[in-house]
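The values are calculated or read from the model by the stated rules, or taken from the named source; none is laboratory data. Since the structure is predicted, the reported quantities are computational estimates derived from the model, not experimental observations. Because the Cβ atoms are built from the backbone with ideal geometry, glycine has one as well, and the counts that use them run over all protein chains shown.
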Amino acid sequence: MRVKTSEFSTPETISYRVRNQSILSRFFFAPINTGFSQNGNPSQELIDFHKKRSGKGIGISYVGNVAISHKYTTNKNTSYFNEDLSTWEQLSNSIKKSGSVPGIQIACRNSSIEPNRKMKSKKHEEYVETVQKEILNLSIEKINEIIKLFIENAVIAEKSGFRVIQIHAAHGYFLSQMLNPLLNIREDEYRCNEINVISNIVQGIRDEIGDNVLIDVRLSLIDGLKTEEEEIGYKEHVLRKLTDLDIDIISFSNGIYDINKHLIYPLETWGHGFFVDKVVPFAKRYPEILWNVCGNIWDLRELNLRDLPVNLTFSIGRSLIADPDFLQKSLDGIENTINYCERKHHCHYYSLGKDNVTCPIYEKSKIDITY
């Protein structure tokens, strides 16, 4: 068994030992695309952002959307590694010193489609047709180059102090497209149902780094291109193959950014933790790894943790953006002091024409942070 849970723990205080890493909580800070970077490097705002959202009940604090190179960024404020790693080391150290395991999400956007600013797009057929052509026209050499860049970035991340590498295969990013049978209609070694792109990335990281890092694969369980039943059915096929790889965590999100951002930023009317029940069967079926779920988690009491598998973990985004002490206050039973997210829609900053994440709830609260 790859995952060991702590003895004498409660469902709220479960901790894990995975390879050589201790994860002190089942609650993680989700990988957020913040826009806090300068020429690829983390800005002081990003370091402060994660320093405030580490420790205090957060097991892993993920730095989100770090591109494999400047050629594969999402927008002008996307982070990526370059020759100067000093600020990356500061970032990982600030997370570690605050009490969380430093995690990093490595991503690749490879498309001619301009990122959609609207919450929903009606151009499903146009999107599918464009992506199919782009994937078909990619040479094997180009795909191998992308695989190599993922591996090289994982090595750099490990040297910079990050101990969890999340491979971003969700939200319509390149790896997400390669996993979708409607988008990837190749018939060679990189055809959809073989998941060889991710397999080669995982094997390459293990060959270079060994057990020094945990590997997490993040994917959209529901893409929003077919029916939910069809998509979950196919993802079960993908998950059977993923669980055979030398990985430690599978993280779930939903949606394709250019089609329906509500799947990524779910509406409050969808309810609390609306996605948890869909992930529970996988956690029960594969107890040897950690499973991570996100989606409208704003009250730990409503999760019914005692009834959930111990290897089921939770990524929390907007609640921790609005109040960095959200988890600690929840665990301490002082929910009445939480500054709750009110869905002000500033998290998806690109859609609003802004350069980075802002949060009027957090700014208004003027929380007194102690380090």
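At-a-glance table
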item: Subset of the stretch 292-321 [farther than 23 Å from Gly55 by Cβ and in contact (Cβ under 8 Å) with a residue 40 or more places away in the chain]; result: Gly295, Arg306, Leu308
item: Count - residues of the stretch 197-234 that are among the charged types (D, E, K, R) and closer than 21 Å to Gly161 by Cα; result: 6
item: From the options His262, His272, residue that is in contact (Cβ under 8 Å) with a residue 60 or more places away in the chain, touching a helix residue (DSSP H, G or I) at 6+ places or on another chain (Cβ under 9 Å) and either part of a loop (DSSP other than H, G, I, E, B) or of a type outside the set (S, T, N, Q) (or both); result: His262
item: Residue that is farthest from the chain's Cα centre (by Cα) [pool: residues in the stretch 297-336 that are assigned to a loop (DSSP other than H, G, I, E, B) and either basic (Lys, Arg) or under 20 Å from Trp270 (Cα atoms) (or both)]; result: Asn304
item: Members of the stretch 198-233 found to be farther than 23 Å from Lys123 by Cα, in a helix (DSSP H, G or I) and not β-branched (Val, Ile, Thr), listed by number; result: Ser199, Asn200, Gln203, Gly204, Arg206, Asp207, Glu208, Gly210, Asp211, Asn212, Gly233
item: Options Asn311, Asn339: the member that is crowded, with 18+ Cβ neighbours inside 10 Å, farther than 26 Å from Pro115 by Cα and in contact with a Leu (Cβ under 8 Å, 6 or more places away or on another chain); result: Asn311
item: Filter result (in a loop (DSSP other than H, G, I, E, B), under 27 Å from Ser25 (Cα atoms), out of contact with any strand residue (DSSP E or B) (no Cβ under 9 Å at 6 or more places or on another chain) and not hydroxyl-bearing (Ser, Thr, Tyr)) within the stretch 349-367; result: Cys359, Lys366, Ile367
item: Selection from the stretch 153-189 of residues that are touching a helix residue (DSSP H, G or I) at 6+ places or on another chain (Cβ under 6 Å) and of a type in the set (Asp, Glu); result: Glu158, Glu189
item: Single residue of the stretch 248-295 satisfying the filter (touching a Gly at 6+ places or on another chain (Cβ under 9 Å) and closer than 13 Å to Pro309 by Cβ) that is surrounded by the fewest Cβ atoms within 10 Å (Cβ to Cβ); result: Val276
item: Selection count, the stretch 80-104, where residues are in a strand (DSSP E or B) and buried (at least 24 other Cβ atoms within 10 Å of the Cβ); result: 4
item: Count of the stretch 322-337 residues which are farther than 13 Å from Phe28 by Cα, touching a residue at least 12 places away in the same chain (Cβ under 8 Å) and among the aliphatic types (A, V, I, L, M); result: 2
item: Residues within the stretch 276-292 that are modelled with pLDDT of 95 or more and basic (Lys, Arg), tallied; result: 2
item: In the stretch 31-60, the residues that are under 15 Å from the mean Cα position of the chain (by Cα) and either more than 20 Å from Glu363 (Cα to Cα) or surrounded by fewer than 18 Cβ atoms within 10 Å (Cβ to Cβ) (or both); result: Pro31, Ile58, Gly59, Ile60
item: Qualifying residue in the stretch 188-196 (condition: assigned to a helix (DSSP H, G or I) and touching a strand residue (DSSP E or B) at 6+ places or on another chain (Cβ under 7 Å)); result: no
item: Answer from Ile58, Ile14, Ile32 - the residue that is at pLDDT below 95, touching a strand residue (DSSP E or B) at 6+ places or on another chain (Cβ under 6 Å) and closer than 20 Å to Asn296 by Cβ; result: Ile32
